[in-house]
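Read-outs: derived from the displayed coordinates by stated rules, not from any lab. Worth saying up front: this structure is predicted, and the values here are computed from it rather than measured. Here the Cβ positions follow ideal geometry from the backbone for every residue, glycine too, while neighbour counts run over all protein chains shown.
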Amino acid sequence: MERGRERQLSAQETFAQMASASGLRRRLLFTLGLLVLSRIGIYIPLPEINQAAFQQATQNNAIIGFLNIFAGGGFTTLGVFMLGILPYINASIIMQLLVPVFPKLEDLQKNEGEQGRRQIAQYTRYLALGWAIIQSIGVAIYIKPFVADWSPLFVIQTTLALTAGAIFVMWLGELITEKGIGNGASLLIFVSIVSSLPTAFSQTFQLLQADSSRVAGVVVLLLVFLAMIVGIVFVQEGTRRIPIISARRQVGPRRQQYQQQQTSYLPLRVNQGGVMPIIFASSLLYLPLTFAQFARNATVDQVVNAISSGWIHNILYLVLILFFSFFYATLIINPEDVSKNLKRMGSSIPGVRPGTATSEYIAKVMNRLTFLGAIFLSAVAIIPTFVEQGTGITTFNGLGATSLLILVGVAIDTVRQIQTYVISQRYEGMVKR
């Protein structure tokens, strides 16, 4: 019986439990319905805009292509939900950066428990609202050449429509997290990325029909993507387990005290930051392009083009990924806090003295793991670009490192959520018996 309980559920068992558990079916159907609803709003266009002219003018726009990864094509269709979950994601990132800076926020997160986390979540919603208003105004100004009757009234109307759409999508994400299968915001991004795959495959098929000599290039590109997915799974799941020994005092029947050592582990992930370092690096690299489009200056365009292409761009990309990997790792795990908690619980790492020596040891291990993770992220970020340039297949443009990391990471987390719910349902059934 113990072996059966400890054994991890297989895929067949998970699907069988999904089919039999009414509560899980209800959660899955509820999640699918909200995901479909979030996609419908993208195809409700904003009024008074020349859609054809806008799509033709922004067909090869790098910024629009990058934003479409998270908006599921909303920045091309100019739909009411075009901002999607972007304002909430931006607000979450900003809040994560602000928590270590402001002691009050850090105290809410560490010492106030569930109430503190709810308060930080509320601050994140307010920040998302403000960020949505700013982005909506920027969109209304950006599409001015494609509006026949552009006026301050149009800016107000567009800002209200896009802001309401962004807040509604944020609400859908929270509903999926609370009443669905969890990871609401991540699933919304996942669906947005997956929605672009049919178009990419269709364009690739049309390319092969027009030129059959491209078959080898497409095969090479698909094999590289498959190899990267396998590598992402291994690295995302890779952890370094540091042994932790804790002494527990027990009193025997004759009031004799003795100590019993218990061994546990402190898991440190190879890629602590996940996809965040690539998102931060990509966002910074796209800022000069955004500035150049608003500046409309020939000198600025030359400088930005030099930075945004070629080996200079690749070097900057690698340096930024390396920097944000270390930066984000320090936000997630603080070696000094871990050392204090271990000392407070009477635990220690074998062969390492408690206190400063423990924090230094954890920091050294984290730095090595983070460096390996940053090298992996850099390879994942650069390899698709080189392969696309070498094969000449650009129909998958946009499905690069960020998209693959998000797809694989969200898929793994969702499967874990489902398995956790299935196991809890099975244990509840055993208790009722």
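Brief remarks follow.
- Rounded to the nearest 20, the size of the Cβ-charge dipole of region 9-196 about its Cα centre is 240 debye, with Lys and Arg at +1 and Asp and Glu at -1.
- Förster radius 22 Å - calculated FRET efficiency between Thr420 and Ile229 (Cβ-Cβ, nearest 0.05): 0.40
- Put in order of Cβ neighbour count within 10 Å, fewest first, the listed residues Thr77, Thr414 become Thr414, Thr77.
- Summed residue charge, Cβ within 14 Å of Asn367's Cβ, Lys/Arg positive, Asp/Glu negative: +3
- For Met345, Met95, Met366, order by how many other beta-carbon atoms lie within 10 Å, fewest first: Met345, Met95, Met366
- Among residues other than Leu108 with Cβ under 10 Å from its Cβ, the summed charge is +1 (Lys and Arg +1, Asp and Glu -1).
- Most positive-pole-ward Cα, Ile94, Ile134, Leu35, against dipole of region 9-196 from beta carbon charges: Leu35
- Arg353, Arg344, Arg27 arranged by Cβ crowding within 10 Å, fewest neighbours leading: Arg344, Arg353, Arg27
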